[in-house]
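In what follows, a structure is listed as structure tokens, so that the remarks can point back to it.
The values are calculated or read from the model by the stated rules, or taken from the named source; none is laboratory data. Computed from a predicted structure; not experimentally measured. Cβ placement follows ideal geometry from the backbone for every residue including glycine, while neighbour counts extend to all protein chains displayed. Note: accessible area is taken over every heavy atom of the protein model, side chains too, but ligands, DNA and RNA are not part of it. Shrake-Rupley method; radii C 1.70, N 1.55, O 1.52, S 1.80 Å.
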Amino acid sequence: MVERRKKLKISREKLALAKARACMSTEDMIKAGIPKGTLNNACRGEVQPHTAGRIAKVLGVDVTEIIEM
């Protein structure tokens with residue numbers, strides 16, 4: 001049996017707030033190592049937990065602060 005990994009939904013509003021608190025633009029996040037395509041995918045759909053974690057780490061927040069519950 002193949003195990004499906006649970007994906008997380010990034011909240012656009014929460015992501016925008018976290019970016020504002022961190023004084024980071026999308027360009028700053030790209031410079032910090034998050035590929036532009038990954039950011040686009042995160043805003044449009046679901047991402048793997050490790051991807052959400054990487055985004056949260058760059059922003060200096062806990063992953064629960066940027067995902068939809």
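Just the residues that are part of a loop (DSSP other than H, G, I, E, B) and in contact with an Asp or Glu (Cβ under 8 Å, 6 or more places away or on another chain), please, taken from segment 1-15.
Answer for segment 1-15, where residues must be part of a loop (DSSP other than H, G, I, E, B) and in contact with an Asp or Glu (Cβ under 8 Å, 6 or more places away or on another chain): K7, S11.
Out of curiosity, is M29 of a type outside the set (S, T, Y) and over 11 Å from the mean Cα position of the chain (by Cα)? Don't jump to the end; show me each part of the working.
On the way: of a type outside the set (S, T, Y): yes; over 11 Å from the mean Cα position of the chain (by Cα): no.
No, not satisfied.
Can you tell me which residue in segment 16-51 is surrounded by the most Cβ atoms within 10 Å (Cβ to Cβ), limited to those that are among the charged types (D, E, K, R) and part of a helix (DSSP H, G or I)?
K19
Please verify whether E13 is open to solvent by 80 Å² or more (accessible area, probe 1.4 Å), in contact (Cβ under 8 Å) with a residue 24 or more places away in the chain and acidic (D, E), treating the condition exactly as stated.
Answer is no for this residue.
Being open to solvent by 20 Å² or more (accessible area, probe 1.4 Å), in a helix (DSSP H, G or I) and in contact with a Lys or Arg (Cβ under 9 Å, 6 or more places away or on another chain) is the filter here; which residues of segment 52-69 pass it?
Selection gives V63, E65.
Pairs only if they're at least six apart or on different chains, beta carbon under 8 angstrom, first in segment 21-43 and closer than 14 Å to I66 by Cα, second in a loop (DSSP other than H, G, I, E, B); list them, first residue then second.
From segment 21-43, the pairs are R21/V61; A22/G60; A22/V61.
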